[in-house]
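The values are calculated or read from the model by the stated rules, or taken from the named source; none is laboratory data. Please read these numbers as outputs of a predicted model, since none were measured by experiment. Glycine also receives a Cβ, built like all others from the backbone with ideal geometry; neighbour counts cover every protein chain displayed.
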Amino acid sequence: MSSTKAPVPPTQAEIQQIQDQLIKARDAFQVHETELQKLSASRSKLLTQLNENEMVKKEFDLLESEAKIYKLNGPVLFKQTKEEAENTITSRLDIINNNLKTIETNFKDIEKKAMEQRNKIFEYQNKIRSLTAPPPPQAQ
């Protein structure tokens, strides 16, 4: 005759502890999702700026070297050489591309953290389900 011990039911404190961990993981996941949304909006804005500046650069390539170029600074137009204007655009493109790289790196890091939190959420949910599920019927 073999003696099988019935599993010890979890205490309410154990279940509550797992629920608290689940809430913390959910809150962290939501923070990461908010950060991802902000980064996505920043990325969209930078991509728009990148496209605009690339179009300006293409327009400059079509101009003759002695073309008159004016820069709007507030309500005043300032005359610029083609070389100065091209340098300004090239500098802007470099800055935008560097910012995009930074955003992409941050996006991947936060996305990884969000996935880790999502996995923890599933893990805690499964633990709670298994602890609160009714025991299987005993075979006789």
Quiz item: Which residue pairs have Cβ atoms closer than 6 Å, lie 6 or more positions apart in sequence or on different chains, and pair a first residue in region 48-69 that is closer than 16 Å to N87 by Cα with a second residue that is among the hydrophobic types (A, V, I, L, M, F, W, C) and surrounded by 12 or more Cβ atoms within 10 Å (Cβ to Cβ)?
Solution: L50/I96; N53/I89; N53/L93; V56/I89; K57/I89; I69/A85
Quiz item: Regarding L72, is this residue out of contact with any Asp or Glu (no Cβ under 7 Å at 6 or more places or on another chain), over 30 Å from L131 (Cβ atoms) and surrounded by 11 or more Cβ atoms within 10 Å (Cβ to Cβ)?
Solution: no
Quiz prompt | Residue among S91, S65, S42 that alone is in contact with a helix residue (DSSP H, G or I) (Cβ under 7 Å, 6 or more places away or on another chain) and over 30 Å from Q117 (Cβ atoms) | solution = S65
Quiz item: Scanning for something in contact (Cβ under 8 Å) with a residue 24 or more places away in the chain, surrounded by 13 or more Cβ atoms within 10 Å (Cβ to Cβ), among the charged types (D, E, K, R) and closer than 21 Å to L46 by Cα, does region 119-133 turn up at least one residue?
Solution: no
Quiz item: Got a sec? Which of K38, K5 is modelled with pLDDT under 95 and surrounded by fewer than 16 Cβ atoms within 10 Å (Cβ to Cβ)?
Solution: K5
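The rows are residues; the columns are (1) within 30 Å of A25 (Cβ to Cβ); (2) within 23 Å of the chain's Cα centre (by Cα); (3) not aromatic (F, W, Y).
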{"position": "I69", "(1), (2), (3)": "no, no, yes"}
{"position": "K79", "(1), (2), (3)": "no, no, yes"}
{"position": "A85", "(1), (2), (3)": "no, no, yes"}
{"position": "R92", "(1), (2), (3)": "no, no, yes"}
{"position": "N106", "(1), (2), (3)": "yes, yes, yes"}
{"position": "I110", "(1), (2), (3)": "yes, yes, yes"}
{"position": "Q117", "(1), (2), (3)": "yes, yes, yes"}
{"position": "F122", "(1), (2), (3)": "yes, yes, no"}
{"position": "K127", "(1), (2), (3)": "yes, no, yes"}
Quiz item: Within region 90-106, can you find the residues that are over 15 Å from L47 (Cα atoms) and surrounded by 12 or more Cβ atoms within 10 Å (Cβ to Cβ)?
Solution: T90, N106
